[in-house]
Amino acid sequence: MPQAQFFLMPALAANTTAIDAVYLAACQLAEQNYRQQRSVYIHCQDKQQAHAIDELLWQFEPTSFVPHNLKGEGLINGSPVEIGFDPVGPNKSRQLLINLAQQVPQFAVNLPDIIDFVAQDGALKQQARQRYRQYQQLGMQVSTQPLAV
């Protein structure tokens with residue numbers, strides 16, 4: 001049974017938006033899972049968000065390297081971390097979905113582990129509550145925990 005883990009974002013640092021904090025957390029968790037040799041798919045809301053995550057994965061930690069590509073680009077077998085935004089999902093089987101979209105993607109049931117976020121923003125919290133219910137309706141085991149990256 002797929003499992004969805006919601007991470008509760010901490011209070012925002014000065015000059016940081018809720019979205020920026022979620023993007024950074026997504027990159028950090030992608031790196032952690034890559035280091036554990038897990039294949040990751042980061043699902044974005046749209047092309048603009050996918051490109052923002054792509055850029056952030058290059059810069060978020062100057063001493064780390066996370067091999068990644070946008071869906072449809074890069075090596076034929078893909079990189080350990082793939083970023084996309086279409087409703088079809090990853091090009092190949094992945095072990096982890098990091099969801100940054102406003103809704104639960106239809107293909108989420110095909111991945112064993114899902115990471116999602118509860119941001120420190122009223123509208124984003126409401127969207128997270130809706131996704132929480134969607135995961136439950138799909139028969140997934142859902143849990144929450146504070147983010148500790």
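Observations on the model:
- Straight-distance crosslink candidates among lysines, where the alpha carbon sits under 27 Å from LYS92 and sequence neighbours closer than 8 are dropped: LYS47, LYS71
- Per residue accessible area of the chain, 1.4 Å probe, in Å²: 54
- Considering only LEU8, TYR34, ASN69, and ranking their Cα positions along the charge dipole of segment 7-79 that arises from unit charges at the beta-carbon of Lys, Arg, Asp and Glu, the one farthest toward the positive end is TYR34.
- Taking every alpha-carbon pair under 8 Å whose residues sit at least 6 apart, the chain reaches a relative contact order of 38 percent.
- This model, with +1 at the C-beta of Lys and Arg and -1 at the C-beta of Asp and Glu, gives segment 21-69 a dipole about its Cα centre of some 160 debye.
- Protection proxy ranking, peptides 8-20, 53-65, average beta carbon neighbours within 10 Å, highest first: 53-65, 8-20
- Helix-only mean residue ellipticity at 222 nm for the chain, each DSSP H run of n ≥ 4 adding -39500 (n - 2.57), per residue, nearest 500: -10500 deg cm²/dmol
- Size of the chain as Cα extents on the principal axes (Å, biggest first): 39, 38, 28
- Surface composition of segment 66-149: carbon plus sulfur atoms contribute 48% of the solvent-accessible area (1.4 Å probe, protein chains only, all chains present).
- Global geometry of segment 1-75, whether rounded, prolate or oblate, following the gyration tensor of its Cα atoms and the 1.5 cut on a/c: rounded
- Sequence ranges 72-78, 114-120, ranked by mean other-Cβ count within 10 angstrom, highest first: 114-120, 72-78
The values are calculated or read from the model by the stated rules, or taken from the named source; none is laboratory data. Bear in mind that the values here come from a model prediction, so they are computed numbers and not experimental data. Cβ sites come from the backbone with ideal geometry, for glycine too, and all protein chains shown count toward neighbours. The accessibility values were calculated without ligands, DNA or RNA, using every heavy atom of the protein model including side chains. Shrake-Rupley method; radii C 1.70, N 1.55, O 1.52, S 1.80 Å.
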